[in-house]
1. If a residue must be crowded, with 20+ Cβ neighbours inside 10 Å and not in a strand (DSSP E or B), how many such residues does region 11-31 contain?
2. When region 129-145 is examined, which residues are found to be surrounded by 15 or more Cβ atoms within 10 Å (Cβ to Cβ) and either under 15 Å from residue 179 (Cα atoms) or within 21 Å of the chain's Cα centre (by Cα) (or both)?
3. Might you check whether a residue that is under 13 Å from the mean Cα position of the chain (by Cα) and either under 22 Å from residue 207 (Cα atoms) or in a loop (DSSP other than H, G, I, E, B) (or both) occurs anywhere in region 57-64?
4. Output the number of residues of region 80-103 satisfying the condition of being over 17 Å from the mean Cα position of the chain (by Cα) and in contact (Cβ under 8 Å) with a residue 24 or more places away in the chain.
5. Take residue 125 and tell me if it is exposed (fewer than 15 other Cβ atoms within 10 Å of the Cβ) and under 26 Å from residue 175 (Cα atoms).
6. Kindly list the number of the only condition in (1) assigned to a loop (DSSP other than H, G, I, E, B); (2) more than 15 Å from the chain's Cα centre (by Cα) that fails for residue 216.
7. Quick one: which helices (runs of 4 or more DSSP H) lie wholly within region 74-193 and hold at least 1 residues that are at pLDDT 95 or above, over 26 Å from residue 214 (Cβ atoms) and in contact with a helix residue (DSSP H, G or I) (Cβ under 8 Å, 6 or more places away or on another chain)?
8. Scan region 39-56 residue by residue and report those that are within 18 Å of the chain's Cα centre (by Cα) and closer than 14 Å to residue 17 by Cα.
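The values are calculated or read from the model by the stated rules, or taken from the named source; none is laboratory data. For clarity, every value in this text was computed on a predicted model and none was experimentally measured. Note that each Cβ is placed from the backbone with ideal geometry, even for glycine, and that neighbours are counted across all protein chains shown.
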């Protein structure tokens, strides 16, 4: 494995790695990039089979993506970097935190992989149908992205206020979803592949924050309790009135949580706090 991932670096200071979700690209983080780059050198990657990074030669799964990210960090001299992941990327940073010795502080935003029973089928079926619609609508996607009404109809599963989203962000994301050669395999792997393993208490040596939108319709909020049970060293932050992507719906709050959680002086309890599922 070459360890090469397409990536972009912005800002200055201690490095901060951002990892997008299923079908996305580095551009998925656009709503928070300028905020984060004011304080950190932000490194945003395209995972294998996404954006400008070629697909892996073998199976694409959480373990193989974790191997690819580890190889990239070793190649770039970034082992121990603080990292933030969204959705599938959030599960990926949890896996890397579980392995140990790869990342520093970690923020995991609405991680997948903690569903049970019918939730698993609901996740797979809804995303399976959504990606086929997105692919079919590609010729009309520029117009859809510009329309607040159309954005709302298309993205209500993912955002609590899709009409407010940037047309550019929506268009970039929808094009990235449709173009990803890894999407279908990863969707199946996420739903029916290897179950996410946890990390016993005391084994995660760096700060770990799990963030969850209270109105997430992809990874339901009750799954947060399972994530905390699997990673008891983690703290939980609820993003109220927020869907699956906090960095879209509440970009300012998401940036503040990320910066606080990865501050070497310690996590501010006013910003990040552990709490029970409502």
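1. Residues meeting the conditions: 10.
2. 130, 131, 134, 137, 141, listed by residue number.
3. The answer is yes, given that some residue of region 57-64 is under 13 Å from the mean Cα position of the chain (by Cα) and either under 22 Å from residue 207 (Cα atoms) or in a loop (DSSP other than H, G, I, E, B) (or both).
4. Total meeting the criteria: 4.
5. Yes; evaluated as a whole, the condition is true for this residue.
6. Of everything listed in (1) assigned to a loop (DSSP other than H, G, I, E, B); (2) more than 15 Å from the chain's Cα centre (by Cα), residue 216 misses just condition (2).
7. By residue number, 88-99, 118-136, 141-146, 167-179, 183-192.
8. Of everything in region 39-56, those that are within 18 Å of the chain's Cα centre (by Cα) and closer than 14 Å to residue 17 by Cα turn out to be 42, 43, 44, 45, 46, 47.
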